[in-house]
Amino acid sequence: ADSTIIDPRLLKPNLPGNMLEELLIHKPDDPIQYMIDHLKQNNDDAPRICVLGPPASGKTTVGWILEGFPENQEQAWMLQSSGIIPRHVVVLYAPDTVLIERNSGKRLDPFTEEVYHTTFDWPSDLLVQQRLVEPEDLSEQEISKKLMEYHRNFPGVFQIYQKVLKSINADQPSMDVLSQVLTYVQTRHRSAAPFTPRILFCGPPGSGKSLQAALIAQKYDVVNICCGQLLKEAVADKTKLGELVKPYIDSGYPVPDNLVMKILAARLNALDCMTNGWVLYGFPRDDVNALNCSVFHRVFFFNLPCDSIMERLSQRRIDPVTGERYHTTFRPAPTPEIQARLRQNPRDKEENIEKRVETYYRNAKELEDFYEDAFYVNADQDPYVIFEFIESCIIKPLPCKKVKRS
């Protein structure tokens, strides 16, 4: 499978060559990092466009493109981690039979390495015609193998870019395809940003939802709501609902959905939430909850490998004297005295982490299916890079809170 990325600088006519030529000239030790740095050299108004599709779908006829990246979701995450976030993604599609037929007609000029086609682009020069050969890597078996790889890898790529993605039928004249691509990439996405934001973070334990919620709340003055903490506060305040919730929390059993919904609804309807908006995490747990919570303007799913989850959570420690939190790898205790008295929360033992992760992923697919317009976040990267990505997904930025001047 291959894909293409339009380099924004190549859309400027006074720039010579293209990114492929730059790679061949400079021969960097790390071509991918060179490409990322190259792509980031543009201003905020410059077009940022991805054109994706299976082999032979006609991506190179769109113009000014670099082929071959991203090929899978991991590489798409890499682009996102490096701040390469396209404003438009075009997916070219055509039946596999058409794509195989297109490839079978390709011919190569061994002298110039120009590629021609028996149907669509046959050379007028008789000498060129006579020396054309079939490319060695374009057998029907090889193309079928590439198509299988494409169909296996690209659903994950599409999921990441679905909010800015448009599918275009490539089984039509190239100029018609080009016209539709240009029409799409020249449009500006309409903002659906809410006046009072209502944001939901979903993800496995340890994926950084609480930190991102705190950053959003701090910058935009929205109310930060952790569902688990909300239940504990209801118990501590000895409200009627809190008294009903207390036995479940004390025993470690899940609180029934109807009780959670009543406490959560009361909090979301409070004046500060209604006025400033809110960011919520820790709920819903499954699609049944989701049906009753379809009030979100933005939904984000945090993705994190299980190994990273285990590393983040199993090494967390707390100082029972000061309440300060530490991590044996990322934030070790400053003195041997503090280190000696650190304790581990039972929830952070490996067997309990495995149960919590398993519980999340048991319901994650149903939640993802329910929130079709959700954004997907690579949570295995620097938290401030994640924060920038979350902000970019809110196409029209939320109004920053006003600083009161004395």
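Between residue 104 and residue 210, the simple spin-label model (points 7 angstrom out along Cα→Cβ) gives 6.1 nm. Report the local net charge at residue 207: Lys and Arg +1, Asp and Glu -1, summed over other residues whose C-beta lies under 9 Å from its C-beta. Around residue 207, the charge tally is +1. Counting charges near residue 246 (Lys, Arg +1; Asp, Glu -1) among other residues having Cβ under 15 Å from its Cβ returns a value of 0.
Full extension of the chain segment joining residue 237 with residue 349 gains 37.4 nm, where the gain is 0.36 nm per residue of separation less the Cα-Cα distance. Potential lengthening of the chain between residue 151 and residue 325 amounts to 58.1 nm, from the contour at 0.36 nm per residue minus the alpha-carbon distance. Note on the range 128-287: the C-alpha convex hull projects to 16.9 nm² when averaged across all orientations.
Straightening the chain between residue 182 and residue 257 buys 22.2 nm, computed as 0.36 nm per residue apart minus the Cα-Cα spacing.
Just so you know, all these numbers are worked out from the coordinates, no wet-lab data involved. Here the structure is a predicted model, which is why all the values come from computation and not from measurement. Virtual Cβ from ideal backbone geometry, glycine too; neighbours counted across all protein chains shown.
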